Each structure stands twice: as structure tokens, then as C-alpha cells.
Amino acid sequence: MKIFAHRGLSGFYPENTILAFKKCLNLNIYGIELDVQKSKDNHLVVIHDEKVDRTFIGSGYIKDMTLEELKSLKSSFKDFEDNEDCKIPTLEEVLKLFKPTEFIINIELKNSKTKYKDLEKDVIKLVKKLKMGKKVIISSFRMDSLKKVRKYSSKVKIAYLVSDKFYKLRPKFLIFLDLINYNFSYVNPNHKLVDKNFIKKYHSKNLQVLCYTVNTIEDYERLSKIKADGIFTDFANIFPLTCD
Ligand code: G3P
Ligand code: CA
């Protein structure tokens, strides 16, 4: 089972920060997951929500703030307010942290609500600049965005994220057609959607199934039994591991 630290070791440290990612470096896990968006001045930044309000002391949309403004914000988690490793990191900073390691980085394009111009192009450009094409997986809930990713890179591994809401609306044969035609490697579903049949269907098309967000041993064991390929968890330090 591949274990991914969801937003870093986010069960214990402020999510999507250098600190939460550094805390993964000594874990025997397959990789980490992060969310990427764009600042007003076009920098790729790592943060989950479209607004800074929940995780930082401040208010406003990422798309309306410059990198300098975003970098000036302090973590809203009391114990980490003054920790320099708890600022909003750029994607480049996080990728460079993992470059010398064996970790796989699942980069989620956070573009369901805000449609960032050239997000796909800029992420691929950076990954190529750092020569990390073999170390990343690019995921998104938006199929049109993932098709753009494929346009910019014929080789990068792609994962289609599925939640209840979107999955139920789309005819399954259309999903399969896209996944095969665009040579996707993974489907990343909400773990509640996953049963034996789900896994069987995707495995038969040579796709691996990475489930989010799995935070209990019961869910981990259930998914393990039905042969899910991996999980994203906020507690990557407590799950049994086999890295393959
Ligand atoms: O990539 C899996 C998972 O992170 C998707 O949901 O809301 O945690 O970004 P969310
Ligand atoms: Ca995510």
C-alpha cells in the first residue's frame, strides 16, 4: 500500500507548510500530497483553500495577493505563529526539499473554483526545470485541466480525482475513455466511493487507485483488504507501511 502524507504531516503540524513536509522526510512512506494555486503576481504557491483565512492570520483570496503579501502571513495555529517554516511555501521550495529524496510528490492543481491562467503550463514548466518529471503525479478534479497537463507533458503521471458530487454526474464509460485516451496512471477517489468493484473496474484498465483522505485504521484495513493501491492520510506516521 502506497502511503502519501496528505498536505504533509498535517495531523500534527500546519498543513501544506515546509514544516509539515520536513516532518515527512524521515518517514518510510511513498510520498506526499500538496495543493497548488497562483498568487496575483503569478507565483505557484502551496495552499489548500482559495482564501488564506482558515490557515493564516489574514483575510483574502490567494489570487488577489502578491507572493510578498502571502509570505508575510503568519500561521493561525498558535504554537506555530512565529515559525519561519510555517509560512506559505512556493511549489518550487517544496519540490526542492524533496528533490534529493525518493519521495513521490502528488501535486493537486486546486482549480475547481478559481480558474488560474496557465496553471498547468507553469507547473509542468517548473517540474521540467527541476528535472523532477519522474517524481511527480499531477492530479485535479477537472478533467479539462488534466487534458491540458497531458498536452504539456506526454510522460508525466496523471491522476483523476473523484468526489461523490462529480463522479455520480458523469457517465462512467466517458470517464474510462478519457483515462485511457490520455494515458492516465491513477484514479484518486474519496475513499467512501471505493468498494471491491470500483477497484476491479479500474485495475482492469491498468489504473491504480489512490484513496483520500484515510485517517482511521478501520478504513485503512478495509481498503487494504480490497487491494486499493494507496492512501492519502493526515497521519502518515501511524499507518503500517509497504512501499512499492
Ligand atoms: O488529493 C486528494 C485530496 O487532497 C483531495 O481533497 O480537499 O483534501 O484537497 P482535498
Ligand atoms: Ca489536496
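For the range 1-37, give me each residue that is hydroxyl-bearing (Ser, Thr, Tyr) and either open to solvent by less than 10 Å² (accessible area, probe 1.4 Å) or not in a loop (DSSP other than H, G, I, E, B) (or both).
Of the range 1-37, the ones hydroxyl-bearing (Ser, Thr, Tyr) are 10, 13, 17, 30.
Listed by number, the list holds a single entry, Thr17.
Taking the range 17-31 as the search range and keeping residues that are over 23 Å from Leu67 (Cα atoms) and of a type in the set (A, V, I, L, M), which one is farthest from ligand 1 (Cβ to nearest atom)?
Checking each candidate, the answer is Leu25.
Go through (1) on the phi > 0 side of the Ramachandran plot; (2) modelled with pLDDT under 95; (3) not polar (S, T, N, Q) one by one and return the number of the condition Lys227 breaks.
Here Lys227 meets the rest and fails (2).
Testing Asp49 on (1) within 16 Å of ligand 1 (Cβ to nearest atom); (2) open to solvent by less than 30 Å² (accessible area, probe 1.4 Å), one condition comes back false. Which one is that?
Among (1) within 16 Å of ligand 1 (Cβ to nearest atom); (2) open to solvent by less than 30 Å² (accessible area, probe 1.4 Å), the lone unmet condition for Asp49 is (2).
Just give me the residues in the range 157-203 being among the small types (Gly, Ala, Ser) and modelled with pLDDT of 95 or more, in sequence order.
If the condition is that a residue be among the small types (Gly, Ala, Ser) and modelled with pLDDT of 95 or more, then Ala159, Ser185 are the ones that fit.
What about Lys148, is it closer than 27 Å to Asn190 by Cβ and modelled with pLDDT under 95?
no
Would you pick out the residues in the range 192-218 that are under 20 Å from the mean Cα position of the chain (by Cα), under 17 Å from His6 (Cα atoms) and open to solvent by 20 Å² or more (accessible area, probe 1.4 Å)?
Matches in the range 192-218: Lys192, Tyr212, Thr213, Asn215, Thr216.
Tally the residues that are assigned to a helix (DSSP H, G or I), within 16 Å of ligand 2 (Cβ to nearest atom) and within 14 Å of the chain's Cα centre (by Cα), restricting the search to the range 121-161. Steps first, answer last, please.
First, pick out the residues of the range 121-161 that are assigned to a helix (DSSP H, G or I): 121-129, 133-135, 143-152.
Next, only the ones that are within 16 Å of ligand 2 (Cβ to nearest atom) stay: 123, 145-146, 149.
Next cut, within 14 Å of the chain's Cα centre (by Cα) only: 123, 146.
Total meeting the criteria: 2.
Do you know which of the residues in the range 103-123 that are of a type in the set (A, V, I, L, M, F, W, C) and open to solvent by 10 Å² or more (accessible area, probe 1.4 Å) is farthest from His48 (Cα to Cα)?
Applying the filter and picking the extreme gives Phe103.
Please find, among Ser140, Ser224, the residue that is more than 16 Å from ligand 1 (Cβ to nearest atom) and among the hydroxyl-bearing types (Ser, Thr, Tyr).
Of the residues listed, the single one that is more than 16 Å from ligand 1 (Cβ to nearest atom) and among the hydroxyl-bearing types (Ser, Thr, Tyr) is Ser224.
Please name all residue pairs, on different chains or six or more residues apart, with Cβ atoms under 7 Å, provided the first residue is in the range 208-219 and is under 14 Å from Ile238 (Cα atoms) and the second residue is within 16 Å of ligand 2 (Cβ to nearest atom) and open to solvent by 40 Å² or more (accessible area, probe 1.4 Å).
Cβ pairs passing all conditions: Asn215/Phe235.
Suppose the filter is modelled with pLDDT under 95 and among the charged types (D, E, K, R); does Arg222 pass it?
no
Tell me which residues, restricted to the range 172-191, are away from ligand 1 (no atom under 16 Å from the Cβ) and either open to solvent by less than 60 Å² (accessible area, probe 1.4 Å) or touching a Cys at 6+ places or on another chain (Cβ under 6 Å) (or both).
Hits for the range 172-191 are Ile175, Phe176, Asp178, Leu179.
Counting only residues that are among the aliphatic types (A, V, I, L, M), surrounded by 15 or more Cβ atoms within 10 Å (Cβ to Cβ) and over 19 Å from the mean Cα position of the chain (by Cα), which one in the range 52-85 is farthest from Val123 (Cα to Cα)?
Going residue by residue through the range 52-85, those that are among the aliphatic types (A, V, I, L, M) are 52, 57, 62, 65, 67, 70, 73.
In the following step, the residues that additionally are surrounded by 15 or more Cβ atoms within 10 Å (Cβ to Cβ) were identified as 52, 62, 65, 67, 70, 73.
Going one step further and asking which of them are over 19 Å from the mean Cα position of the chain (by Cα), we end up with 65, 67, 70, 73.
On the way: Met65: 19, Leu67: 16, Leu70: 19, Leu73: 23 Å.
Checked the range 52-85; the qualifying residue farthest from Val123 (Cα to Cα) is Leu73.
The values are calculated or read from the model by the stated rules, or taken from the named source; none is laboratory data. Note that this is a predicted model, so its numbers are computed, not measured. Glycine also receives a Cβ, built like all others from the backbone with ideal geometry; neighbour counts cover every protein chain displayed. The area values use the complete protein model at the heavy-atom level, side chains included, leaving out ligands, DNA and RNA. Shrake-Rupley method; radii C 1.70, N 1.55, O 1.52, S 1.80 Å.
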